[in-house]
Structures are given as structure tokens and as C-alpha cells.
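The values are calculated or read from the model by the stated rules, or taken from the named source; none is laboratory data. Values in this document were obtained by computation on a predicted structure and should not be read as measured data. Cβ placement follows ideal geometry from the backbone for every residue including glycine, while neighbour counts extend to all protein chains displayed.
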Amino acid sequence: MFEFGRELRRIFRNQGRVDTDSSLYELLNLKLLITQGRNLDIEGGRVSTKDRFTPYLEAAEIWREYARRTGDRVALRRAAAAAESAGKEARTANQAALAVLEQAQTCILGVDLFETRELLSSAEDLLAGGRAAIQNDEALRARFNRVEARLAARLAIRQGISGDLELALLAMSHIDRAIERADQQVRQTGAAGDKIAAAQARFERGDLLMLVGTDRCDSSLMTAVIKDFEALQARLDAAYEPVTHARITLRLALAYIWKGEIEGKPEVISEGIALLSTEEELVDYEHSPLDWVEHKQALAMGLQALAELTLNEEIYQKAMQIYDLALKRPLQKGLALRAQLANNRATCLAKRAELKGDLGSLEAAENAFKAELRGVKAQDDPISWAILQTNLARLYVARGDITGFMLERAEAAYALEAALEIFGEHGLKALAATAQEHLDRVREQV
């Protein structure tokens, strides 16, 4: 990988912008992505450029990849702008459809990174209009199927998978169709880009199945997901598809961790932890910051799950150290990943205090939360503020269970009501459910 990466840098340095297969983007570091993106923007805007569509479309792909790895809002906006410019420069129906696809994928990424739910409607409208422009182009149809499948999965998650599975089943049918057509493309072309696209479609299926499996505590479903991810991992070469390989390994590890939680088996959780604890990093922080942080979070979650089963405070401490390591990295405000990290760390801290079961530990955890709260303003970072308030209330409930009374009852109820409102505004159903559960407990205590 690294020798090939050096060769890519030599080519870019000597020739500036070059036409590349999008599958090679995984090998480009962040600096090269920026260089390529800027050169493409310049080429697309140059008066002498005869075909402006191609550089604009590739620029959109480059900036979207950069945004996915970093969570950079500016890069996301540049991706959207380049995709829109590509649409304006399209000369054929297929080119117009490709531009629409890129715009829709940028919208979906905005949802993934920042929980910007209204972008789902934008993506729906774009795909509905773009599909009408598709003619008899099987490759383009296959790409549309993949993006439609990704959108369907997110629509199902937005509705929630705890009750009616109608949208989840609809999303699964979209994903299965996308996988079938992606596999057909791989057989026809053998192209690396098509191979990665097929892997990403399976990635979407595994993600959705894991959510359903954890919600229903279905161990057999998690076993099926593990088999799928293991087969997918075997198809990929970490030297040439480093980012996709790392993301699949992460999901495989999480499947083991959640299966172990469902079955109550520490040894299964340990298998997931082992996948994330190799001597060599699965992905470098400098190459893909968000993937690196996600891997650290998954490792911490695995350690936390193991600690809960074994009641081992030392493992809790290791989990806290990994959470802290991940949170030390700069993450933009508003990132969903940042909120997840803050919530998971807070939950780990609270459960560790509950495990020890003494007022001193609960007080230490309470002081830690309050110290963090002093550095977070509700108007600047509402989600982090609400998460901290929710977990602080959890400590109040735990202390009430020990002492039989809760001095902070009114304060906790007020904070939880505010947190509920914030989670509702941002469409964070799981966090809202947790806050509601704590609020009910607070109201029960006299």
C-alpha cells in the first residue's frame, strides 16, 4: 500500500490533476485529496475547459470522500457545490443522472455525519427526478439502486426499528437488489471500483441487520451478520482497499461484541475486542480521522461490555482510557460521532460508579460530569449538553436507589425535560428514549 501510495504522490506532484479510478481514492491521504479537489475545481471553472462536467463530478466525489473521513463541513459544502455545477454542465441525460446521484450521496453523507434529517427528503426528491433520466444503462441503474438502498436504510432507521419493520424490510429489499446488480457489474467488468461498490452494498445490509438484531436481542441474526462480514472481509485486500477493509473489520468486531452481549458470553465479546486490538492500526488517524475514532470507540464499547459481564473494574478503567483517547482528537461540533462518544463515555463512567455501589464513587462521577458541563453551553453544543444532563440524572437515580431519597429530584427532572426536547428536535430517538426512561425513574422517587 505504502509503495503504491508513494507512486501516486509522485504522479500527482509531476502532473497535477490526473484522471483516476475512484477506487484509488482510498489510497490517497488527506493532503492528496485536497490537492486533487482544488485542481479539479480550478479545471472545472476554467474558461478554456471544453468538458466541465467531468472535473466537477470528480471534484464532488473527492470532496465527499474527504468529508466522510474528516467530518469537515466545508468539504461537504464543496462537494455539494461541485455536484450542482456538474449538473449544470451536463450535456446528456446520463450525465445529468450522474450529477443527481452525486448530489443525493452528499445529502446522505450530511445525514450520517450531522444527523441533518431534512436532507433525507432532499435526497428522495433528487433520486425521484434523476431516475426518470435513466435510459438503458445498466451500470447507471446499478449505481442508482445502491444509492436508493442507502437512502431506504436511513429512512427505516429514522422511523425506528423497535416496532413495525415494514420500512426496514423495504430497505432490505432495496439493498438485496443493489447487491445483485453490483455483483453483476463486478462479473462483467472486474473493475476495482465496482468491487468496492459491491462491498459497500453488503456493508449497508450488515449494518441494518445488526441494528435489528441488537434491538430484538436475536443472536442467530448476529451470527448470520458475522458470517457475511467474514466472507466480505476475505474478498478485500487491505493493501489496496484500506479504508473499506478497515470499516468492514470494525463492523465484524461490533457484531461479535453485540452477539456476546446478547448471549452473555465474555469469550465472544473478546473475539470482537481482539479484531480491534492488533499491533498495527487498522487505519491511521492521519489517513482517515473519523474511521480511526470509530475504531477506538468500538474498542471501548467492547471493553465496556466485557466489564459489565465480568464486573471487572480494571476493564472499565481501560474502556474509559480508550474513550478519553478518542475524545482528545479534534472533532467538529455537531458531529453525530462526537455525540455518540460523549454519551458512551458518560454511560461507562456511570456504570462503573454503579458497579462499585458506594456513594463516594457516585459523587466522584457526579463531579466529573459537572466539570464537563461547565465547559459545555447548551446554545453552542446542545446535544453534548443534553447527553451530559441525561447521564448526570442517571447518577442521581442510582444514588436514590442506594439512599432511598433524591435531593436533586427537581433539578434532574428539569434537565431531563430539556434534554428530551433537544433530542426530539434533532431526531435522536434512542437518546430520547433513554432520557424518558431516566425521567420516569426520577418522577417515581419521592
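Residues in the range 43-53: is at least one closer than 23 Å to L109 by Cα and either out of contact with any Ser or Thr (no Cβ under 7 Å at 6 or more places or on another chain) or among the aliphatic types (A, V, I, L, M) (or both)? Within the range 43-53 (the criterion being closer than 23 Å to L109 by Cα and either out of contact with any Ser or Thr (no Cβ under 7 Å at 6 or more places or on another chain) or among the aliphatic types (A, V, I, L, M) (or both)), the answer is yes, since at least one residue qualifies.
To keep it simple, each residue is scored yes or no on (1) part of a helix (DSSP H, G or I); (2) under 30 Å from V74 (Cα atoms); (3) at pLDDT 80 or above.
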{"residue": "Y323", "(1), (2), (3)": "yes, yes, yes"}
{"residue": "R329", "(1), (2), (3)": "no, yes, yes"}
{"residue": "L349", "(1), (2), (3)": "yes, no, yes"}
{"residue": "A353", "(1), (2), (3)": "yes, no, yes"}
{"residue": "L395", "(1), (2), (3)": "yes, no, yes"}
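Scoring F144 on the criteria (1) touching a Gly at 6+ places or on another chain (Cβ under 8 Å); (2) touching a residue at least 12 places away in the same chain (Cβ under 8 Å); (3) within 30 Å of L331 (Cα to Cα) leaves a single failure, condition (3).
Only one of I422, I383, I402 is surrounded by fewer than 14 Cβ atoms within 10 Å (Cβ to Cβ) and either part of a helix (DSSP H, G or I) or touching a residue at least 12 places away in the same chain (Cβ under 8 Å) (or both). Can you tell me which?
Every option except I402 fails the conditions.
The residues on offer are D72, D125, and the sole one that is surrounded by fewer than 18 Cβ atoms within 10 Å (Cβ to Cβ) and not hydrophobic (A, V, I, L, M, F, W, C) is D125.
A search for C-beta distances below 8 Å between a residue of the range 301-315 that is surrounded by 15 or more Cβ atoms within 10 Å (Cβ to Cβ) and any residue that is polar (S, T, N, Q) and not in a helix (DSSP H, G or I), counting only pairs 6+ apart in sequence or on different chains, returns L306/N312. Residue count for the range 123-138 under the criterion of being in contact with a helix residue (DSSP H, G or I) (Cβ under 7 Å, 6 or more places away or on another chain), in a helix (DSSP H, G or I) and more than 13 Å from A152 (Cα to Cα): the result is 4. Scanning the range 24-69 for residues that are part of a loop (DSSP other than H, G, I, E, B), buried (at least 18 other Cβ atoms within 10 Å of the Cβ) and more than 22 Å from the chain's Cα centre (by Cα) gives a single hit, R52. For residues in the range 94-111 being farther than 14 Å from R143 by Cβ and of a type in the set (A, V, I, L, M), which is modelled with the highest pLDDT? Going through the qualifying residues, I end up with L109.
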